[in-house]
Amino acid sequence: MDERSASLLTKTQRQRLQNEFENVDTDAKQRDQRLIRQRIQAGVFDFRLLASYPDRQYDLAFNDVTEEELRLALADTYLAVERLRVLQQYDRDQLLREARNRAETVSAQTDDVRSLDRLALQTESEIRQQTEERLGVSRWVRRARTGIILGGCGLFVSAVSYTLLGGFVGRLSAVPGLMFGGGAVVAGLLVGLSAMMIVGHELLAILTAGKALVNQIRAWWQTIQQRVRTVRIWLVNDDRSA
């Protein structure tokens, strides 16, 4: 980062924090700590404006920073934000819900903030509920497979029993015939319903995967558009400077 650029902290404050206020007298240390606290407060409130800052400007702001440097900076930023949340005793789920509401409001009122749509702002309880729903579907699929096995066995037993008894006895009476026929019908219905359940689950999985794929393609396309806009801005700036 350019040392001359405006920052949350001044150059002197950054140096003193890095050196842990070494060789700084008590009065100067207390003064710097007070000023740093004021700057932290002002910087956090500035994010009320930066939350709706255009994607293109964010992209341009870090085009001269290495990926590793930016990733480490984002990790430290996350730690700082989480420490502030913990110290203020804010519930994580409640804060995520508020962030999601803010994202919806900003998206509806501001242009070039499509990155908000790609944020995962789900609470732990919502993630747990979705997991339980997926597990519930899996349980029904297992039950459907069991139903197919039981129904198939029922059809097999009914057919074999009807054939064998019919061969030995000759002609079955109405009651045993109805019993075998009814058993075969029930077994057939069990197989059919179980198969329909599995087919429905597979169709749902295909639709869900297709939606996820569409969202991923849309995200890739938005990234490509951002990169193209960045290149265009570079070219325009080069032409003007020339």
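From the list Leu87, Leu96, which residue is surrounded by 12 or more Cβ atoms within 10 Å (Cβ to Cβ) and at negative phi?
Of the residues listed, the single one that is surrounded by 12 or more Cβ atoms within 10 Å (Cβ to Cβ) and at negative phi is Leu96.
Six or more apart or on different chains, Cβ under 8 Å: which pairs go from a residue in the stretch 82-99 that's more than 8 Å from Thr123 (Cα to Cα) to one that's of a type in the set (A, V, I, L, M, F, W, C) and surrounded by 12 or more Cβ atoms within 10 Å (Cβ to Cβ)? Could you list them?
Close Cβ pairs satisfying both conditions: Leu84/Val44; Arg85/Leu95; Ala99/Leu121.
Being assigned to a loop (DSSP other than H, G, I, E, B) and either surrounded by 12 or more Cβ atoms within 10 Å (Cβ to Cβ) or among the aliphatic types (A, V, I, L, M) (or both) is the filter here; which residues of the stretch 99-115 pass it?
Passing the criteria: Thr110, Asp112, Val113.
Could you go through the stretch 53-65 and let me know if any residue there is modelled with pLDDT under 90, open to solvent by less than 90 Å² (accessible area, probe 1.4 Å) and either of a type in the set (S, T, N, Q) or not in a helix (DSSP H, G or I) (or both).
Yes: the stretch 53-65 contains one or more residues that are modelled with pLDDT under 90, open to solvent by less than 90 Å² (accessible area, probe 1.4 Å) and either of a type in the set (S, T, N, Q) or not in a helix (DSSP H, G or I) (or both).
Can you tell me which residues in the stretch 23-43 are open to solvent by less than 70 Å² (accessible area, probe 1.4 Å) and hydrophobic (A, V, I, L, M, F, W, C)?
Val24, Ala28, Leu35, Ile36, Ala42
Could you tell me which of the residues Gly170, Gly166, Gly177 is open to solvent by 40 Å² or more (accessible area, probe 1.4 Å) and at pLDDT below 65?
Every option except Gly170 fails the conditions.
The values are calculated or read from the model by the stated rules, or taken from the named source; none is laboratory data. Bear in mind that the values here come from a model prediction, so they are computed numbers and not experimental data. Every residue, glycine as well, gets a Cβ built from its backbone with ideal geometry; the counts of neighbours run over all protein chains shown. With ligands, DNA and RNA removed, areas are computed over all heavy atoms of the protein, side chains included. Shrake-Rupley method; radii C 1.70, N 1.55, O 1.52, S 1.80 Å.
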